[in-house]
Each structure stands twice: as structure tokens, then as C-alpha cells.
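Comments concern the structure below.
The values are calculated or read from the model by the stated rules, or taken from the named source; none is laboratory data. Here the structure is a predicted model, which means the values were calculated and not measured. Methodologically, a virtual Cβ is constructed for each residue, glycine included, from the backbone with ideal geometry; neighbour enumeration extends over all protein chains shown.
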Amino acid sequence: MNRKRIITIAALVGLAGLGLTVLMAAREAGDKSPDSPGKAANGRKALVCLGYADVEDRVVAIYPDNFPQSAKVTEVLVKEGDVVTAKQPLLKFDNEMLLLKVQEAEAAIDGANAEKEKAEAMITAHQSHVAVLEKELLAEEAKLDAKKKALEEAKRAVTSGRLNPVELEEPEAAVKAANLTLIAARLKWDNAKAEEPVYGRKLAAASWRRAEVMKKQAEHARDQMVCKAPAHGNIIRSFVSEGQSFGPQSREPAFWFLKKGPLIIRAEVTQEFARRVTKGQPATIVDEADPNQKWTGKVAKVPDQFLPKRLGNTGLLDLMPVSDERVLECQVSIEVGPGEAPPRYGQKVRVTLGE
């Protein structure tokens, strides 16, 4: 019985020693973790944190200008790693249908112009017709005046006895007939003036405006069937190939684009040590995997807010993080000496802030 008790006590002591060893190892690892204070060569405390090489502008996902409308790629003009300039075409698309739409609109404009010319010709012909009726009206007025003068002459002849009163019937009837003819001519002239075919001109003008709008729409759709670089920069990732079609179902962009600009280090400082970071503070930058790659720099910008960590190098903030940790994302400039290679975009580094 005593022997069993001794064995149990020895086992408990062994377990306690093992637990103490694990705790000491964990403490040593914690002392070497990022964002933990360290010591520089002169004995002063320094702050160590993780970061990565980036530019101030975030990576841009490039889609065709007409996205999410359908667009079939016929030729890829750039590849990953290419340097591009602003407005440089990156893709070519099958736009034959849109070119036909433009031609259709142009034909509609030609048709509207023909309708307009026809309407103008009808107006000119109508004006000539009105002018003829006006002349006919003037002729009938002259005839009526002549008949009236003949009637007056006949009346004087009857008064003087040179003409039988019965003979007045014919000039009187002639005056009445000429008057009716004049009334008819005036009605025809008035109606012709009121019936000027301006509706044809209005319809032609409306058809022309509609055709112009159709052409602008077709040209806009044609001009949107492009994919151009938004600025000077680099194509860092390509997701497109010839024959691929973009549309509402597309999830991946055509390219990831990185705008040209100086590299910086985004150093992520936890809230515990944020008060020790100041603008202009010297920094030593070391590649996380290769300590032989080193650069120097200074803290260029200290933000006023704590935010979730970014999602890799996409520039997006992790708005639904697994943990509630917030970081102070400081920007550190990079000083590259003569003949020295700068960090690569996205390179993960360890940053020591302070001397």
C-alpha cells in the first residue's frame, strides 16, 4: 500500500514538472511574437510587428466596361506582369452585333432624311398649288367685275331705250354665275391654305430624332465593349482567356491591377503597443522568411483609428473577422540603397520600430 502511494506521488511530481516546462516554453515564444517589445543593440526598447509591402492605392479588379452585360473575349492583349499605361486596351471583344446595330441606326437616319425631303417637297408643291388657286381667285374676281360692268352698261341701254328690258336677264345671270364661281374659288383657296402638309415635316423630324437617339445608344453600347487600364500600373493577376464570356454570372474579374506608385510597408500594430508609435520614427524592415533581406525606413503615417486587419493585399477590410482584434495600420516608407533590390509587392516582413 505504501509502495502504491509512493508511485502515485512520483507521477504527480513528474506531471507538475512537465507542465512547468510547457509554460516556460510558451512564455519564451510569447516574448518573441510580433508586436512584442524587444531591445535594440543600445539596450533601448523597440517595437516589433508584422507588415507587408503595398502601395497606397488598393488593388483594382478590372471588368469590361459594359459589365454585367454579355461580352465574349476574342483576344487578350496583356498578360500577368505587364506594365500598362492609362486607357491602354487590355482585351478585344466580339462586337459584330453592336456594329450592325450602329449600321441599322444609320440606315434609319437615312430613311428619316428621305422622309424629311419628301415632306419638304410636298410642302413646296402645296405652296405652288395655293399660288395657282390664288391666281384663279384673282381671275374670277376680274371676271365678276367684268360681268358687273356689262350689267351696268345693259341697264343704261335699257334706260335710254336702246335695249329691251328682257335682255337684262342674260347679264344678270352672268353676274350671279361669276359670283358663285368666285365664291367657289375663294373656298378652294382658303381650304388649301389651311391644309398645308406640315404634319409630314413634323413626322419626318420626329423619325430623325428617334433614329439619332438609336444611333447614340448603339454607339454607346459599342464603345462600352472595351476593357482598358484605369491608370499607369501593372497587371498582377489575369483570370481571362480567349473565348471566355463575361455576363451576370461571372464572378472573377478579367484582371487584378496595381496602380503605379512607391512601395510602402503597412505595419500592423496592436492596441497594446500603439502609443509607442510616432510619425518619423526610424524603422528596420526584415523579410520574415529571409533575415538577410533588410531595409530601413521611417514611419510616414500613423492613423487615428483602429480597424480590423485587411484581407491579404486586396485592400479590403475584414468586416467579419474571426477575432475581435483591431490594429493600428501604420505606413512605413522604404529607403533603398544604391544597387539594392526593393521589397516585392505583397512581401511579408517584420518591422522593428524605434532605435
**Report entry** Only listed residue being of a type in the set (A, V, I, L, M, F, W, C) and not assigned by TED's automatic domain parsing to the domain that holds GLU195, chosen from ALA86, ALA125, ALA105
**Finding:** ALA86
Report summary line: Among (1) farther than 29 Å from ALA206 by Cβ; (2) surrounded by 15 or more Cβ atoms within 10 Å (Cβ to Cβ); (3) at pLDDT 90 or above; (4) more than 20 Å from the chain's Cα centre (by Cα), LEU91 falls short only on (4)
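Right, LYS279: on the phi < 0 side of the Ramachandran plot, outside any loop (DSSP other than H, G, I, E, B) and outside the structural domain of VAL78 (by TED's automatic domain parsing) or not?
On the way: on the phi < 0 side of the Ramachandran plot: yes; outside any loop (DSSP other than H, G, I, E, B): no; outside the structural domain of VAL78 (by TED's automatic domain parsing): yes.
No.
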Query - Index of the failed condition, ASN234 passing every other in (1) under 30 Å from GLY297 (Cβ atoms); (2) in a loop (DSSP other than H, G, I, E, B) - result: (2)
Query raised in the report: Just wondering, is there one or more residues in the range 313-321 that are buried (at least 17 other Cβ atoms within 10 Å of the Cβ) and either assigned by TED's automatic domain parsing to the domain that holds GLY51 or modelled with pLDDT of 85 or more (or both)?
Result: yes
**Report entry** The listed residue being part of a helix (DSSP H, G or I) and crowded, with 17+ Cβ neighbours inside 10 Å, out of ALA105, ALA114, ALA121, ALA125
**Finding:** ALA105
Query raised in the report: Taking the range 322-334 only, how many residues are surrounded by 13 or more Cβ atoms within 10 Å (Cβ to Cβ) and either among the β-branched types (Val, Ile, Thr) or modelled with pLDDT of 90 or more (or both)?
Result: 8
Report summary line: Of the listed residues (LEU258, LEU307, LEU263), the one being at pLDDT below 95, under 32 Å from the mean Cα position of the chain (by Cα) and within 30 Å of MET225 (Cα to Cα) is LEU258
Query - Selection from the range 191-213 of residues that are exposed (fewer than 13 other Cβ atoms within 10 Å of the Cβ) and under 23 Å from LYS101 (Cβ atoms) - result: ALA206, ARG209, VAL213
Requested in this report: Report whether or not LYS216 is surrounded by 13 or more Cβ atoms within 10 Å (Cβ to Cβ) and within 25 Å of ASP94 (Cβ to Cβ).
Outcome: no
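Residues are listed down the side, and each one gets a yes or a no for (1) out of contact with any Asp or Glu (no Cβ under 8 Å at 6 or more places or on another chain); (2) not β-branched (Val, Ile, Thr):
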{"site": "VAL213", "(1), (2)": "yes, no"}
{"site": "ARG222", "(1), (2)": "yes, yes"}
{"site": "MET225", "(1), (2)": "no, yes"}
{"site": "GLY233", "(1), (2)": "yes, yes"}
{"site": "ARG237", "(1), (2)": "no, yes"}
{"site": "SER245", "(1), (2)": "yes, yes"}
{"site": "ARG266", "(1), (2)": "no, yes"}
{"site": "PRO282", "(1), (2)": "no, yes"}
Report task. Could you tell me whether TRP295 is assigned to a strand (DSSP E or B), in contact (Cβ under 8 Å) with a residue 40 or more places away in the chain, within 19 Å of the chain's Cα centre (by Cα) and buried (at least 19 other Cβ atoms within 10 Å of the Cβ)? Result -> no
**Report entry** Output for the range 163-201, where each listed residue is in contact (Cβ under 8 Å) with a residue 40 or more places away in the chain and within 14 Å of ALA119 (Cα to Cα)
**Finding:** GLU195, GLU196, PRO197, VAL198, GLY200, ARG201
Query raised in the report: Are any residues in the range 56-72 under 20 Å from ARG310 (Cβ atoms) and in a loop (DSSP other than H, G, I, E, B), and if so, which ones?
Result: GLU56, ASP57, ARG58, VAL59
Query raised in the report: Does the range 238-252 contain at least one residue that is outside any loop (DSSP other than H, G, I, E, B), modelled with pLDDT of 85 or more and surrounded by 14 or more Cβ atoms within 10 Å (Cβ to Cβ)?
Result: yes
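Does ASN179 count as polar (S, T, N, Q) and either assigned by TED's automatic domain parsing to the domain that holds ALA71 or loosely packed, with under 13 Cβ neighbours inside 10 Å (or both)?
No.
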